[in-house]
Amino acid sequence: MSLTSNQQYALKKFIKGLEVHRGRHTELVSVYVPSGYDMNKVINHLSQEQGTASNIKSSSTKKNVIDALEKMIQHLRLYKRTPENGLAVFSGNVAEREGQQDFKVWSVEPPVPLKTRIYRCDKEFQLDLLRVMLESKEIYGLIVMDRREANIALLKGKAIIPLVSSHSYVPGKFKAGGQSAARFARLREGAAKDFYKKIAEYVKEQFLGMAELKGIIVGGPGPTKYEFVDGGYITTEVKNKIIAIKDISYTDQFGLQELLDKSQDVLASEEVTSEKKIMNRFLQLLSTKPLMVSYGEAEVGKNLKNGTVEVLLLSEALDDEQIDGFETTAKEFSTDVRIISIETREGQQLKDIGKVAAILRYEVH
């Protein structure tokens, strides 16, 4: 699952706020509660860890760990049940000077379900599991093939990750002496079918049940790819994931890259997210009904405070304080806030016109 820009921004901000803290010893506590896990079990476990921490030799470290755990336990008691996606909780003494005390606790329900349970005391908060969520990418399957060779790969972001390479035993087009043309043709067809079955099995092994797989693109020279796709070799669940079949010249690693190059139209149409759609709506209104939109910090800020903004568009190029300020005002008027990345053409356009824009509830003269 890919995160929306709003989710990415919120998670980046949370991580950024925690990674600046360092403990003098292994006294900063990180706990990850998996989705569906009993919160009471977590609380009981942390209470047991308080008892274990009493054995720590350093009195200051012992106190910091026990107090951090107590702060966390009190925080977790506020939850009647574990949030749907689980919970990541962090606690510790973050005072800048040694000997002082400033115990804080932070928690976040992650944008995707947590599957790992973690309890860790360290000199820094354990944030890798959250960082991995930011790296989530759309995943596509790539298949390039002819009767002699097939390569199966994953497209993750812009990276091609090879999975399987296979060569067939289909004879060449020219028969050996003494064989009838009909018999030779039957041998070729039989070997081709065996090859298709083998590739279909590889495809099933790699892609069946891959929840994050968004689609499969098949490519190759000539009619082979259609014989493979339409010949009943591929299990229905996997076949339903095929979103395009492309003509390409190669079937090796160059073929995978060629397939990627020739599939930009497909990938672009598949990647039309709510972010791109809302930006296109803004740009369309800008050209057809300019009184229904505004842009630039000053103008949008005025409309926001007047309660006339339906959707607020904020570029991720803004700093955190600016975004927080706009979001606070937007909440007062139930304005929908969208954080727009700068990775798309539309996102760059928003950045170029002042990083802030709005779709209004009605025309403002």
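FYI, it's all coordinate maths here, none of it is from the lab. A quick note: this is a predicted structure, and the numbers were derived from the prediction, not measured. Don't worry about glycine lacking a Cβ; one is built from the backbone with ideal geometry, like all the others, and counts go over all protein chains shown.
For the chain, the longest principal axis of the C-alpha atoms and the axis of helix 253-262 are separated by about 70°. Only lysines eight or more places from Lys123 in sequence, or on another chain, were considered; those with a Cα closer than 19 Å are Lys16, Lys57, Lys62, Lys63, Lys71, Lys104. Computed from Cα positions, the angle between helix 59-76 and the longest principal axis of the chain comes to roughly 70 degrees.
As a calculated quantity, the FRET efficiency between Thr116 and Ala182 at R0 = 51 Å, using C-beta atoms, amounts to about 0.25. Straightening the chain between Lys277 and Phe254 buys 4.9 nm, computed as 0.36 nm per residue apart minus the Cα-Cα spacing.
For the peptides 216-222, 243-249, 55-61, the ranking by mean Cβ contacts within 10 Å, running from highest to lowest, is 216-222, 243-249, 55-61. Other residues whose C-beta falls under 9 angstrom from the C-beta of Ser35 contribute a net charge of 0, scoring Lys and Arg +1 and Asp and Glu -1. Among 72-81, 31-40, the peptide with the highest mean count of other Cβ atoms within 10 Å heads the list, and the full ranking is 31-40, 72-81. Each Lys and Arg Cβ is given +1 and each Asp and Glu Cβ -1; about its Cα centre, the range 139-270 then shows a dipole of about 480 debye.
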